[in-house]
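The values are calculated or read from the model by the stated rules, or taken from the named source; none is laboratory data. Treat the numbers as computed from the prediction; the structure is a model and nothing was measured. Virtual Cβ from ideal backbone geometry, glycine too; neighbours counted across all protein chains shown.
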Amino acid sequence: MKAMILRQICSIEENHTPLELTDIPEPVPAAGEVLVKVSTCGVCHTELDEIEGRTPPPELPVVLGHQAVGVVERVGEKASRFDIGDRVGIAWIYSACGKCKYCREGNENLCAEFKATGRDADGGYAQYMTVPEDFAVPIPELFTDVEAAPLLCAGAIGYRSLRLTNLKDGQNLGLTGFGGSGHLVLKMVKHRYPNSGVFVFARSAKERDFARELGADWAGDTSEAPPQKLDCIIDTTPVWKPVVEAMKNLNPGGRLVINAIRKEEIDKEALLELDYTTHLWEEKEIKSVANVARMDVIEFLQLAVEMGIKPETEEFALEEANRALVELKTRKIRGAKVLAIE
Ligand SMILES: [Zn+2]
Ligand SMILES: [Zn+2]
């Protein structure tokens, strides 16, 4: 089968073709697993973190990709949840132990044995992949394969981030960074919390216009002061300055949720600007969001159906994965990038 594989960690700025198109054997589903014929796979910023070594795959080569949609082609022994031909999605969570305290309480994203799709196991930048059947999720009919892919990561993690803010209707939410996850969170907030204001901070004027088009109450540059203080903010940027700026914009008792698997080092000195009185005093909190649990994926897909969310997408062929990644790195973004795999 065709797959785009990562053989070694490298800098995308220096190497514009980190992935190599290769012919590798089709995987065989083990007991409890299903083999999925992949039709689409979303391209995520986390792939950049994997390629560049901020969250390196434990073994190389590996097939990246954790927003895969396809149909069940074969089932392994003892796998009975799906029939052949069923459409499923595979998100960032590939597996977890199922027994520990975190797994039992539904926070399997925090399990010590958490495995990530496309990092700890081969993912969806390929014609086929296997997955434990318990971690494949049915895809609601409303969505095409292309539309469903970005919902599996940006949407699910956006949903979890929003849950972790503890936002209540009428409170104001800030979004710093406005990529795939941000635009879905904005739509969710407008649906679930109709009395809440949404304030978007983005570096590019294009992103700010896009935010206003989607109903943001205000949009400004990363360091601009919003017209009022905010109760919670979600940061989806890969850098530090927005964190410092966000803390300044919080109300007393406000919470910043950082939705980024790793932060880059390039502007770490921005943290020296942190002033206890301005940025942290009065019980302001910082919380990160780690991975996603299955319920986040399932509940978000349900919510997306209710809201009729259709993500903005841009399609690439499997062979064009490198170009999609470079564009992501250089922030040529309008909507979510999706590989359409034949
Ligand atoms: Zn992702
Ligand atoms: Zn566990």
Per the list (1) touching a Lys or Arg at 6+ places or on another chain (Cβ under 9 Å); (2) over 30 Å from Glu105 (Cα atoms); (3) of a type outside the set (Asp, Glu); (4) free of Cβ contacts under 8 Å to residues at least 60 places away in the same chain, residue check on Thr313 breaks on (4)
Can you name the residue in region 324-342 that is at negative phi and either basic (Lys, Arg) or within 14 Å of the chain's Cα centre (by Cα) (or both) and is also surrounded by the most Cβ atoms within 10 Å (Cβ to Cβ) among such residues? Ala336
Residues satisfying the stated conditions in region 143-171, i.e. under 18 Å from Ala340 (Cα atoms), away from ligand 1 (no atom under 15 Å from the Cβ) and in contact (Cβ under 8 Å) with a residue 24 or more places away in the chain: Phe143, Asp145, Val146, Glu147
Any idea which of Leu230, Leu256, Leu250 is within 19 Å of Lys190 (Cα to Cα), crowded, with 21+ Cβ neighbours inside 10 Å and touching a strand residue (DSSP E or B) at 6+ places or on another chain (Cβ under 7 Å)? Leu230
Answer residue from region 13-57, given it is at pLDDT below 95 and among the β-branched types (Val, Ile, Thr) and is farthest from Arg334 (Cα to Cα) among those: Thr55
Qualifying positions in region 113-139 - of a type outside the set (A, V, I, L, M), assigned to a strand (DSSP E or B) and away from ligand 1 (no atom under 16 Å from the Cβ): Tyr128, Thr130, Pro132, Pro138
Strands (runs of 3 or more DSSP E) completely within region 171-233 that count 3 or more residues being not β-branched (Val, Ile, Thr): 173-176, 218-220
Would you point out which residue out of Gly182, Gly174 is touching a Ser or Thr at 6+ places or on another chain (Cβ under 6 Å) and of a type outside the set (S, T, N, Q)? Gly182
How many of the residues in region 95-120 are without any contact (Cβ under 8 Å) to a residue 60 or more places away in the chain, crowded, with 22+ Cβ neighbours inside 10 Å and touching a Lys or Arg at 6+ places or on another chain (Cβ under 9 Å)? 1
Please report, ordered by residue number, the strands (runs of 3 or more DSSP E) entirely within region 1-106 with at least 3 residues that are more than 16 Å from ligand 1 (Cβ to nearest atom). 2-6, 19-23, 33-42, 68-75
